[in-house]
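These notes concern the structure reproduced below.
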Amino acid sequence: MEQNKAKSLYIHVPFCQHICEYCDFVRVGYHLDLSDRFLERCEQDLSYHQGETFETIYIGGGTPSALSLDQLKRLLNILKPFIGNECEMTMEANPENFDEEKIKACVSFGVNRISLGVQSVQPKLLNLIGRKHTMTDVENVILLLRKHGIDNISTDGMYGLPTQTLNDFKETLTWMISQQLPHLSLYALTIEPNSAFGRKHIKSVDNTLEGEFYQLACDLLQKAGYQHYEISNFCLPSKESRHNLTYWHYEDFVAIGPGASGKENHRRYTVTKNLHRYLSEANPFDEQIILSKEDEMFEFVMMGLRLQSGIERKRFLNRFDVDIETVYATAIEKNIKKGWLYFSDTHCKASEEGRLFLHDVLIDFM
Ligand code: SF4
């Protein structure tokens, strides 16, 4: 099979100053010595990519802004040689630990997009889920980002939180719209067994209410001029996350850091979630899978149907030397009949309803 060159790089910084009640991500409490060792390890991992540059770099976590100013500068300095021309360089930040000095460091090292964890505008809900910021912190950070030239700001919002009403969520969405934030990612709360909520046996909201939250977001944001370009993501025109489009277009991407998953040259891998193993072993993978052509065709469809624009048939043909219709004729016909799929000379895409039932659509493609 053809060798791909990864265009994107993901770095997972696993440190957080506080642990949120719902969190099941790979993260640990911030620790100076461990975070120094983590940075050393990142540098070592990146040395295998010497000479490569990336079109998108995403520093996620955890909370990258939980690093000290010196550590943040060190991380950004390590990444410097890997920044390609017109690179979209995103960093996740939490409002309570992202001050002007850190923002200035980001700007000077080429970060041009910030993903800010907001979640909700109601103090009672922020408190309930264990977030430590206030809306004053959020608004100050947005002002500082704009002052220093970063307009490309994404925020995360959550729905289906315990006691959250539709009106609470509407207030959060209205605030996001009023800030003219170019990109919004909205997620339903899922209760993971290993989170504090899971251990307290908090229950998720029922599917009907979850659907009402989702529909409210779709309606309000579309009226405000946002494009619902991916199931959980909305943006103002041309403000899609280029990094995440790499995933949805099923391109290769390099992943570094504990728990990070990457895909390079027909191999999918997940780095160990155990920070101590990550820091001490030469090849600390939890999983490595060599992908067959069939695996890749299915995953290409699985990712592509998440997008409103769907799958471009030409891209599928170029990638696999076969037309998508030839491989998946039965699944395509069945889902067109259900009203869950549209199929044209150029595209194969899920309808609004099809995207809601994507899991069922994909079963037919397996
Ligand atoms: S939700 Fe984000 S900020 Fe909160 S503990 Fe998890 S990784 Fe850290």
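The values are calculated or read from the model by the stated rules, or taken from the named source; none is laboratory data. Keep in mind that what you see is a predicted model, and the values were worked out from it rather than measured. No Cβ is skipped: glycine too gets one built from the backbone with ideal geometry, and neighbour counts run over all protein chains shown.
Structural remarks
- Here GLU96 clears all of (1) within 18 Å of CYS16 (Cα to Cα); (2) in contact with a Gly (Cβ under 6 Å, 6 or more places away or on another chain) except the condition numbered (2).
- Being assigned by TED's automatic domain parsing to the domain that holds GLY130, among the aromatic types (Phe, Trp, Tyr) and at pLDDT 95 or above is not true of PHE25.
- Test result for PHE15, more than 9 Å from the ligand (Cβ to nearest atom) and crowded, with 20+ Cβ neighbours inside 10 Å: no
- Spans of helices (runs of 4 or more DSSP H) in segment 60-172 with at least 2 residues in contact (Cβ under 8 Å) with a residue 40 or more places away in the chain and not aliphatic (A, V, I, L, M): 100-108, 135-147
- Checked against the criterion of being part of a helix (DSSP H, G or I), away from the ligand (no atom under 16 Å from the Cβ) and out of contact with any Lys or Arg (no Cβ under 9 Å at 6 or more places or on another chain), the candidates LEU46, LEU39 yield just one match: LEU46.
- Condition check for HIS228: touching a Ser or Thr at 6+ places or on another chain (Cβ under 9 Å), at pLDDT 95 or above and surrounded by 15 or more Cβ atoms within 10 Å (Cβ to Cβ): no
- Selection of segment 71-94 for residues being closer than 22 Å to ASP137 by Cβ, more than 11 Å from the ligand (Cβ to nearest atom) and either acidic (Asp, Glu) or touching a His at 6+ places or on another chain (Cβ under 8 Å) (or both) yields only THR90.
- Matching entry among GLU333, GLU325, GLU353 (being in contact with a helix residue (DSSP H, G or I) (Cβ under 8 Å, 6 or more places away or on another chain) and surrounded by fewer than 17 Cβ atoms within 10 Å (Cβ to Cβ)): GLU325
- Among the residues making up segment 264-285, those that are assigned to a strand (DSSP E or B) and either in contact (Cβ under 8 Å) with a residue 24 or more places away in the chain or in contact with a helix residue (DSSP H, G or I) (Cβ under 7 Å, 6 or more places away or on another chain) (or both) are GLU264, ARG267, VAL271.
- Sole residue being closer than 26 Å to LYS200 by Cβ, within 16 Å of the ligand (Cβ to nearest atom) and over 23 Å from the mean Cα position of the chain (by Cα), chosen from PRO123, PRO162: PRO162
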